[in-house]
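Heads up: the structure comes next, in structure tokens.
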Number of protein chains: 4
Amino acid sequence: MSAGLKGIRCAVIGGDDRELYLISELQQQGAYIVGVGFEKASPISGMTLAPSLEEAVGQVDVLLFPLFGTDECGVVKAKYSDSPIVLNKKVLEAIPAQVPLVIGFARPDLKSEANNLGIKLVETSRLDELVILNSIPSAEGAIQMAMEATTITIHGSNSFVLGLGRCGWTLAHMLKGIGARVTGVARKPSDLARAVEMGLHAVDFANLKDEIGHAEIIFNTVPHQVLDRLMLEKVTPDAVIVDLASRPGGTDFEYAQNLGIKALLAPGLPGTVAPKTAGRILAHIYPQLILRHLTTVNTTCKVEV
Amino acid sequence: MSAGLKGIRCAVIGGDDRELYLISELQQQGAYIVGVGFEKASPISGMTLAPSLEEAVGQVDVLLFPLFGTDECGVVKAKYSDSPIVLNKKVLEAIPAQVPLVIGFARPDLKSEANNLGIKLVETSRLDELVILNSIPSAEGAIQMAMEATTITIHGSNSFVLGLGRCGWTLAHMLKGIGARVTGVARKPSDLARAVEMGLHAVDFANLKDEIGHAEIIFNTVPHQVLDRLMLEKVTPDAVIVDLASRPGGTDFEYAQNLGIKALLAPGLPGTVAPKTAGRILAHIYPQLILRHLTTVNTTCKVEV
Amino acid sequence: MSAGLKGIRCAVIGGDDRELYLISELQQQGAYIVGVGFEKASPISGMTLAPSLEEAVGQVDVLLFPLFGTDECGVVKAKYSDSPIVLNKKVLEAIPAQVPLVIGFARPDLKSEANNLGIKLVETSRLDELVILNSIPSAEGAIQMAMEATTITIHGSNSFVLGLGRCGWTLAHMLKGIGARVTGVARKPSDLARAVEMGLHAVDFANLKDEIGHAEIIFNTVPHQVLDRLMLEKVTPDAVIVDLASRPGGTDFEYAQNLGIKALLAPGLPGTVAPKTAGRILAHIYPQLILRHLTTVNTTCKVEV
Amino acid sequence: MSAGLKGIRCAVIGGDDRELYLISELQQQGAYIVGVGFEKASPISGMTLAPSLEEAVGQVDVLLFPLFGTDECGVVKAKYSDSPIVLNKKVLEAIPAQVPLVIGFARPDLKSEANNLGIKLVETSRLDELVILNSIPSAEGAIQMAMEATTITIHGSNSFVLGLGRCGWTLAHMLKGIGARVTGVARKPSDLARAVEMGLHAVDFANLKDEIGHAEIIFNTVPHQVLDRLMLEKVTPDAVIVDLASRPGGTDFEYAQNLGIKALLAPGLPGTVAPKTAGRILAHIYPQLILRHLTTVNTTCKVEV
């Protein structure tokens, strides 16, 4: 598959170190890269820097935006640029209909705008495959945070994983591998059955309040407030909470602080703790994604994964 | 929950050693047991033996049939009985409307019959939770068969797991725990991503034909013929196949034999290799299932899980 | 190293299927093989069958006897022969001084005889490396026996490993990998510390009598009677004992039977359960062993490893 | 064993947070604690602070010095004190003959001095049990350092462990648990055999130079320079080295820096990364050690473990 992208022009827009690894990988597969927002990075041989997003969109076959998407004003975070990159209506209108716009998280207004304009929007945060692979650097980052924040070892600790989804399983697996006594907390009987098979102590969320007092380290992956006041009052003050759920997390952080419980929010770990691995993951998934969306030209827009 | 079934009358009809463990567990939780098809078992204190299925159905609150259900003539397998137990129309008509009929696999004609008669049919083979827990004795049984059939150790072997579903994951997990080099074969990108996370060699079914030649032991869990003639021709004759898919399995057994490949069908392992564990699993799941279906009285029948 | 044994003449004397794999491997490395005791095996291309042991010893550079050595009369077990092969004084006297005699277990009289005659005796059962590698098929064989003898799964069982030596660690590791709750029993504080690191429940032999009652499966590796009457009386009758210690094992088998406890002696597993793997292990170790002992010619005999 | 130290007076001299956990644990077992070097710590109820080491030695039954012992001038590191604590000849002379002096590492001059004075010196760094238990926080600390220093995940990385001793096994075990591809490097064939059993890629030190180029993360535990210039030249510049061997480590750090290889020395991790766990380990081992050395009163000094 080494030259599978031969002749395909990709705009890589903003992002962080992950995108540097991605660019290099796409180039190796034959792609021609137009970069937006990389003025401050070490020069990348073979990449053309576009002076602006507007000028880039007309020159390429596919647009690659970062995983975390844009903020509420449409600004794209770009670690290697000082000039703001904004994905606004004007830019959207300049995108040719057959050019897919690949982005991690798309805000509702971006979705509806793209829909109106007939733009093919590909939201990668919906790709199970990507989310599972990204759960690996996320879990390692969370474990690293726990190692830094505790005075005990993970090995032999009572570690709780709240939520056994795509990230929860990875965390549980690694914690067990390090030697922790892992409690897996879920609601679905099938997830609890799998937890038993994996050798976890399986606890239904309905019974969490009776068990949480044993926890020395708590990893939360549930994106709504499971660690609320009532629950936190049952947590021992020595415990450490690492919350991986997307902002604002699933913990009442203020109340935790009042109780003297160390609670940490761990958002966007892959790009921070292991940009090279996270870049490799993108590089593993994007080429096939690009090829798939270039060959099936849709005339009507819909959000696709 | 120790007396959660107090006063509830359960008919346990046929089955094997699992049912003996189940009966004892249900009794401990306070249930009153009417047995059908246990004349040859050691007497169980507190259990009433019903002379026939017809007489049992009118006396109880819930009917518990075995996991493997009935054969095409409605006969219920009963290890501890010599007289045939038949679940026929006459019996079905005798079941009071509010009495749930719990059974593992229900044949299509049983379903439609039950539907016509307004019987609440609960098909446990559809319970993810039960299937996952049963995958543990299944996987161990399959590994035991592989140990017996091979001249090599599982440790260090190239073991392939075809199909990463409820049973496939359990198998992969155990094989890895014993020290095998495990290849996980699946179709869904998200399953392949999870396989990578688990440390398996992840292979798409589309590429299986290029990889299968390395396999020393092959475990199949896919219920249609994936190990067909074309695939078997790529398998080394020393390899051993253990097929866990429900009859007739996913292997062309005749052709495998022609090629000199040892291929074994492994159906219904839990009750054979670890009846006590399999009984405990039923005893873990049935009380709550019974309570749930007794309290929510439906007047119309539908297949429920 | 593929032709590292070029020109070296090896006598392979008796043994079982392992030796067939060993012969083929030694041939691939360039050795010339003289076989004794293989008349009933399928003919092996390139191997010369010697009519008797006496005639073989004068023709070769090294003598390879089986792992289990000889019986008290000097008889060498040979699966593929009906004529007895005897390693007696006459044979020993015929061995040229520089020809190493490689054997698994050497009885005391063989040792003293060899010593008197100045024969270089290499006792492989003393090779830590070999014993550790052989512990892999031994452990798998023992686990297979436990699977066959129990009505429960290894997964989730309370499994005890008595003795944390070369075989004990392997067993503990595999049992944990399958999902058992493993108790490791040892005497040395450093072994108990390692057991803690490995995630086992670590128990000092001094406290075994207080813990053994929880065991569902007991694997013994200690070669003296640890499972004596007093200890067996604390074992639950449902438990299964698999004893891997060399004959007569570490269990009072008669008393176990009186108590209704299933107790199995598991001797010589590698050659039985996984002859191919066991043969590969020999083939991995013997070439270097042969080269080492051929190049350093000793004139005085001592038992070497 | 909760009051096993009742009436025993222990001097705890210097150290770090570990000693705080140790003190509390010894107190719970009934010991009376005299502290030296804890003026700046939060007051510990029930502990008497001795104004100086000289005054403490005459009042107690046992002297507990930190694991890292003294520096070349006899100074004892004390995190919670500003006044220097010196273990000099004058202090040694003041120690009553039957009072054991427990210390981690004892310098040669301390040993000979103690020997001359007939002091019972107990060097805990020689206790296999303690070293193995301490390898757990050490390994976690080293892995944490690797996580912080790399741009890749441990999961999926090629991680090398140089030296399979008490710390090496723990590291290998944990790295494998996180999902790394672990290469274990050792010299003894029995260690390499165990590495194979554990599922590591086993490499003899003699062949390390041919393999080291594949390493992405290198953990060294060998206390002499294995990562010398010749070896470092074969390491990829992206690799990260974490050296756990006691000062000065086993790496030519200056040369590594010249080559652009990130190399980190990781000494004394247990007390830094997981003081509570490290304190619990001391508290697990010291009570029995104290009792053993108090009951067997020796009149002549020898270094004991």
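What you get for segment A:1-139, charging only the Cβ of Lys and Arg (+1) and of Asp and Glu (-1), is a dipole of about 180 debye around the Cα centre. Provide the net charge surrounding residue A:231, with neighbours chosen by a C-beta distance below 15 Å and charges set as Lys +1, Arg +1, Asp -1, Glu -1. Once all neighbours under 15 Å are counted, the net charge is -4. Within segment B:196-264, which GluC sites (Glu not before Pro) sit in a loop by DSSP and count at most 16 neighbouring Cβ atoms inside 10 Å? Within segment B:196-264, the qualifying GluC sites (Glu not before Pro) (loop, at most 16 other Cβ atoms within 10 Å) are B:233. Contact order for chain A, expressed relative to its length and based on alpha carbon pairs under 8 Å spaced 6+ residues apart, stands at 18 percent.
Counting only other chains, what is the mean number of Cβ atoms within 10 angstrom of the Cβ of each residue in peptide B:154-165? Per residue, the average neighbour count from other chains is 3.
Annotation for segment A:112-156 versus segment D:85-105: alpha-carbon center distance of 55 Å. For segment C:129-271, the relative contact order works out to 23 percent when only alpha carbon pairs closer than 8 Å and six or more residues apart are counted. Indicate the gyration tensor shape class of the protein assembly as shown (rounded, prolate or oblate), computed on the Cα atoms with a ≥ b ≥ c the square roots of the eigenvalues: a/c under 1.5 is rounded; otherwise a/b larger than b/c is prolate and the rest oblate. It is rounded, given that a/c, with a ≥ b ≥ c, falls under 1.5.
Annotation note: trypsin sites (Lys or Arg not before Pro) in segment C:140-208 located in DSSP loop regions with a Cβ neighbour count of at most 16 within 10 Å are C:187. Take residue D:109, move 7 Å from Cα toward the beta carbon, and the resulting point lies 6.5, 7.4, 9.8 nm from the same point in each other copy, nearest first. Mind running the shape call on chain B? Use the C-alpha gyration tensor, a ≥ b ≥ c as the square roots of the eigenvalues: rounded below 1.5 for a/c, prolate if a/b tops b/c, oblate otherwise. Judged from the Cα gyration tensor, chain B comes out prolate (a/c at least 1.5, a/b above b/c).
Inter-copy label distances at residue C:259, using a point 7 Å along Cα-to-Cβ, come to 4.7, 5.0, 5.9 nm with the shortest given first. The charge dipole of segment B:131-261, taken about the Cα centre with unit charges on the Cβ atoms of Lys, Arg (+1) and Asp, Glu (-1), comes to about 340 debye, rounded to the nearest 20.
If you take the square roots of the eigenvalues of the alpha-carbon gyration tensor of segment A:1-103 and sort them as a ≥ b ≥ c, do you get rounded (a/c under 1.5), prolate (a/b over b/c) or oblate? Cα axes put segment A:1-103 in the oblate bin. With each label modelled as a point 7 angstrom along the Cα→C-beta vector, the residue C:88-residue A:89 pair spans 10.8 nm.
What order do you get for A:272, A:183, A:236 when you list them from fewest to most C-beta neighbours inside 10 Å? If you can, show how the numbers build up before the last one.
Working: A:272 16, A:183 23, A:236 13.
Listed from fewest to most nearby Cβ atoms, that is A:236, A:272, A:183.
With label points set 7 Å from Cα along Cα→Cβ, the inter-copy distances at residue A:238 are 3.5, 4.2, 5.4 nm, sorted shortest first.
For residue D:32, the amide hydrogen comes within under 5 Å of the amide hydrogens of D:7, D:8, D:9, D:10, counting only partners 5 or more places away or on other chains and with H modelled in the peptide plane. Pairs exceeding 22 Å between alpha-carbon atoms, taken from C:40/C:77; A:188/B:79; C:209/C:262; B:176/D:234; B:176/D:262: A:188/B:79; B:176/D:234; B:176/D:262.
Counting only other chain Cβ atoms within 10 Å of each residue's Cβ, the peptide D:92-104 averages 0.
The chain D residue nearest the rotation axis shared with chain A, using its Cβ and rounding the distance to whole Å, is D:177, 1.
For chain B, what is the charge dipole size about the Cα centre, in debye to the nearest 20, if Lys and Arg each add +1 at the Cβ and Asp and Glu each add -1 at the Cβ?
Numbers: 27 positive and 32 negative charges, 121 e Å.
The calculation lands at about 580 debye.
Shielding of peptide B:280-288 by partners, expressed as the average count of other chain Cβ atoms within 10 Å per residue Cβ, is 1.
Read the figures in this text as sums done on the coordinates, not as results from a lab. Quick caveat, the model's predicted, so the values are computed rather than measured. Every residue, glycine among them, receives a Cβ derived from its backbone with ideal geometry; neighbour counts consider all protein chains shown.
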